[in-house]
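The values are calculated or read from the model by the stated rules, or taken from the named source; none is laboratory data. Note that this is a predicted model, so its numbers are computed, not measured. As a convention, Cβ positions derive from the backbone with ideal geometry for all residues, glycine included, and neighbour counts pool all protein chains shown. Side chains are part of the model used for accessible areas, which takes the heavy atoms of the whole protein and leaves out ligands, DNA and RNA. Shrake-Rupley method; radii C 1.70, N 1.55, O 1.52, S 1.80 Å.
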Amino acid sequence: MLFCLFFQVMLNQTSVTEFLLLGVIDIQVLQPVLFVVFLATYIINVPGNAATLMVVISDSRLYCPMYFFLGNLSCLDICYSMVTLPKMLENFLSTHKAISFLGCISQLHFFHFLGSAESLLLTVMAFDPFVAICKLLHYPFIMSHQVCVQMAVTLWIIGFFHALLHSVMTSLLNFCGSNYIHHFFCDVKPLLELACGSTELNEWLLNTVMGTFAIGPFFLTLLSYAYIIIYLFFKTHSCSMLHKALSTCVSHFMVVVLFYAPVVFTYIRPATGSSVEQERIIAIMYSMVTPVLNSLIYTLRNKEVKGALRRGIRRRL
């Protein structure tokens, strides 16, 4: 309630009361085709991740840290796509592609909230195999259910307050000119381009804080895998055992690459030389395509999840 009241106050401090989202592409002929494509993506993503989440919750054989965090990832991916896709699908069918000031800031907040939480979650998911392989005797204590719940709650809270920083700082800007956003959802960078006055502090926060949230967890993830490889190589001296151990981490590493590559391209690289079209394509990748692929990767490459899905289907039949 306080969150909404705060942004309602911000609404009265700017002459712009709504923004117009210009969408994915300006070619009208392609609008129906894109609507069908993105609707299909949404239909695949939500039930797919929901099925994974339900399997992790309902199947007692999956009650372990890895699948607990996988359930969190599925929940994040469902919410992540729901922040941007419904509004974009609505705008495909509407001539007035407007979003209120409050709605825009709220969309920005939840987009960065879920994205930041997922960034931290992927790092925690890399920590699990590190402990299982390198600290096996201490695994039950280090990765106990209580500790896993605490880590999950912590990363959700950190993600929320990280996003709150960007949403509050963006809402404090004065928008007095154009209200056309060259994007299909409200994000910090497109809004900074519309702001009147200095945006140096906002840009510094975006580059510094987003850089920390992107590069920091990504570096820790790579570090954990590097330590696993070095540990197994010097401990076992067996390439076959090293290959077997790393094969269990392939799914997670694929998800990490799919998530971080577009984020780094969008938020870390210099703004010079970028184009609106590139920004839109990359945004589609990390906001729509990646959540779908996450579900498919973990389902198709994981024998335990596939087995649990088959058992769940047989019980229902």
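Looking only at residues of segment 47-65 that are open to solvent by 60 Å² or more (accessible area, probe 1.4 Å) and of a type in the set (G, A, S), we find that the one that is nearest to the chain's Cα centre (by Cα) is S58.
Picking from residues in segment 32-46 that are at pLDDT 85 or above and open to solvent by 70 Å² or more (accessible area, probe 1.4 Å), the one that is farthest from E304 (Cα to Cα) is V33.
Here is a yes/no grid of residues against (1) of a type outside the set (G, A, S); (2) at pLDDT 85 or above; (3) surrounded by fewer than 19 Cβ atoms within 10 Å (Cβ to Cβ); (4) part of a helix (DSSP H, G or I):
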{"site": "L191", "(1), (2), (3), (4)": "yes, yes, no, yes"}
{"site": "V209", "(1), (2), (3), (4)": "yes, no, yes, yes"}
{"site": "A214", "(1), (2), (3), (4)": "no, no, no, yes"}
{"site": "L232", "(1), (2), (3), (4)": "yes, no, no, yes"}
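Kindly evaluate S15 against the criterion of being modelled with pLDDT under 70 and open to solvent by 70 Å² or more (accessible area, probe 1.4 Å). Judged against the criteria, S15 is a match.
Residues A283, A271, A308: which one is modelled with pLDDT under 70, closer than 19 Å to A214 by Cβ and either open to solvent by less than 20 Å² (accessible area, probe 1.4 Å) or in contact with a Lys or Arg (Cβ under 9 Å, 6 or more places away or on another chain) (or both)? So that I can check it myself, show each step before the final result.
Details: A283 fails: modelled with pLDDT under 70; A308 fails: closer than 19 Å to A214 by Cβ.
Of A283, A271, A308, the one residue that is modelled with pLDDT under 70, closer than 19 Å to A214 by Cβ and either open to solvent by less than 20 Å² (accessible area, probe 1.4 Å) or in contact with a Lys or Arg (Cβ under 9 Å, 6 or more places away or on another chain) (or both) is A271.
Residue count for segment 149-192, restricted to those that are farther than 14 Å from I105 by Cβ and among the hydrophobic types (A, V, I, L, M, F, W, C): 12.
How about segment 93-114: which of its residues are buried (at least 18 other Cβ atoms within 10 Å of the Cβ), more than 17 Å from the chain's Cα centre (by Cα) and part of a helix (DSSP H, G or I)? Once the filter is applied, which keeps residues that are buried (at least 18 other Cβ atoms within 10 Å of the Cβ), more than 17 Å from the chain's Cα centre (by Cα) and part of a helix (DSSP H, G or I), segment 93-114 yields F101, C104, I105. If you go through segment 126-147 and pick out every residue that is open to solvent by 20 Å² or more (accessible area, probe 1.4 Å) and part of a helix (DSSP H, G or I), you end up with 15.
For every residue, the table says whether it meets (1) of a type outside the set (A, V, I, L, M, F, W, C); (2) open to solvent by 40 Å² or more (accessible area, probe 1.4 Å); (3) not in a helix (DSSP H, G or I).
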| position | (1), (2), (3) |
| --- | --- |
| Y67 | yes, no, no |
| N72 | yes, no, no |
| E90 | yes, yes, no |
| S116 | yes, no, no |
| L120 | no, no, no |
| T123 | yes, no, no |
| V149 | no, yes, no |
| L155 | no, no, no |
| F161 | no, yes, no |
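For residues that are open to solvent by 10 Å² or more (accessible area, probe 1.4 Å) and within 10 Å of Y42 (Cα to Cα), scanning just segment 74-85, find the one that is farthest from the chain's Cα centre (by Cα). This residue is M82. Among the residues of segment 163-181, the ones that are in a loop (DSSP other than H, G, I, E, B) and buried (at least 16 other Cβ atoms within 10 Å of the Cβ) come to 3 in all.
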